[in-house]
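The values are calculated or read from the model by the stated rules, or taken from the named source; none is laboratory data. Everything quoted here is computed from the prediction, not taken from an experiment. Every residue, glycine as well, gets a Cβ built from its backbone with ideal geometry; the counts of neighbours run over all protein chains shown.
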Amino acid sequence: MSVPTPIDRDRHQRGCNFLGLTEDEADYQSARLVIVPVAYDATTSYKSGARYGPGAIIAASREVETFNPESQRELATAGIATWPVVEAEADGPAQMVATVEHVIAEQIAAGKYCAMLGGEHSITEGAVRAHQRKWRDLTVLQIDAHADMRDAYQGSKHSHASVMRRVREICPAVSVGVRSTSEECRDWTERGSAWLTTSGSLPVYWAIDIVGRNDWHDAAIADLSEHVYITFDLDGLDPAIMPAVGTPEPGGLGWYETIDFLRKVFAQRHVVGFDVVELCPIPGLHHADFTAARLTAAMVGMAVPKL
């Protein structure tokens, strides 16, 4: 497994720290929260390049103010370390999931809160497995344009297009912002899962029903257990503000409505970890990288009070 060693950590340079924090501000031993970048996009099915997403987010974050307006928190003194990049596994997607699970479980065992940066969405399975080992009542909140519930795609059960099928085999999940699905996903959503609401269907909040409204927030949060892991696929956002994704879809969530919903989730549930995945940087187009960095900083800020 490509697990960083203490020597790797010693080689980690100041320029690689999230928010451009100094080595003292980003000291791993005293940190409460660890940013874990995972550079992987081997199962990408449309536009490749998500492996460069974590680096682009961290690079853009150096231009983000350390005082975060979304959470009203100063992050420079919050105790945020940045882990060395977890590289791709040559043995394939299943091994990559195992590597991510190992790295995240190591952080949890050390008492750290994990914020993972992708990379493609398939890596979320490993992070969820690691978190569910500690929080047995875990529920996953998926913000995403795609259902991602195929049993397999292009011969792999660990494809980015199958990640939420694998996650739902581990624990319940609530999907928000979905606006693209296959017939297989639709049929399985309606009748194929052990994790059903009282209405007999999976909790999926379709973009067409929720964009521009907030009257669905309470219902979505009620579907979540006390302990929640958030997986945020950036294509859940409207491509007008987030064009740099591997599989963009028209429509989607706006910035302020997303922040409003996330604030409520962090306030009403114990969010034990999260990831931000699927940034596929477009050369010369900086605003998407910056938006992803701001979103990550906002979620870090929302997590800090409960650490």
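Pairs are defined by a Cβ separation below 7 Å, a sequence spacing of at least 6 or placement on different chains, a first member in the stretch 82-93 that is farther than 30 Å from LEU21 by Cβ, and a second member that is part of a loop (DSSP other than H, G, I, E, B); the pairs so defined are PRO93/ALA42; PRO93/THR43; PRO93/HIS158; PRO93/SER159. Within the stretch 157-166, is there a residue that is more than 22 Å from GLY118 (Cβ to Cβ), at pLDDT below 90 and either within 21 Å of the chain's Cα centre (by Cα) or assigned to a loop (DSSP other than H, G, I, E, B) (or both)? Checking the stretch 157-166: not a single residue is more than 22 Å from GLY118 (Cβ to Cβ), at pLDDT below 90 and either within 21 Å of the chain's Cα centre (by Cα) or assigned to a loop (DSSP other than H, G, I, E, B) (or both).
Among the conditions (1) crowded, with 20+ Cβ neighbours inside 10 Å; (2) part of a loop (DSSP other than H, G, I, E, B); (3) touching a strand residue (DSSP E or B) at 6+ places or on another chain (Cβ under 8 Å), the only one that PRO281 does not satisfy is (3). Considering GLY273, GLY301, the condition of being modelled with pLDDT of 95 or more, touching a strand residue (DSSP E or B) at 6+ places or on another chain (Cβ under 9 Å), among the small types (Gly, Ala, Ser) and within 24 Å of ARG133 (Cα to Cα) is satisfied by GLY273 alone. Restricted to the stretch 201-246, and to residues there that are among the acidic types (Asp, Glu) and within 18 Å of CYS171 (Cα to Cα), the residue that is modelled with the lowest pLDDT is ASP223. Could you tell me whether GLU183 is in contact with a Lys or Arg (Cβ under 7 Å, 6 or more places away or on another chain), acidic (Asp, Glu), closer than 19 Å to ALA145 by Cα and at pLDDT below 95? Here the answer is no, as GLU183 does not meet what is asked. Quick one: count up the residues across the stretch 238-258 that are closer than 18 Å to VAL300 by Cβ and free of Cβ contacts under 8 Å to residues at least 60 places away in the same chain. Counting residues in the stretch 238-258 that are closer than 18 Å to VAL300 by Cβ and free of Cβ contacts under 8 Å to residues at least 60 places away in the same chain gives 1. Output the residue which, of all residues in the stretch 14-65 that are of a type in the set (S, T, N, Q) and within 14 Å of TRP83 (Cβ to Cβ), is surrounded by the fewest Cβ atoms within 10 Å (Cβ to Cβ). Checked the stretch 14-65; the qualifying residue surrounded by the fewest Cβ atoms within 10 Å (Cβ to Cβ) is GLN29.
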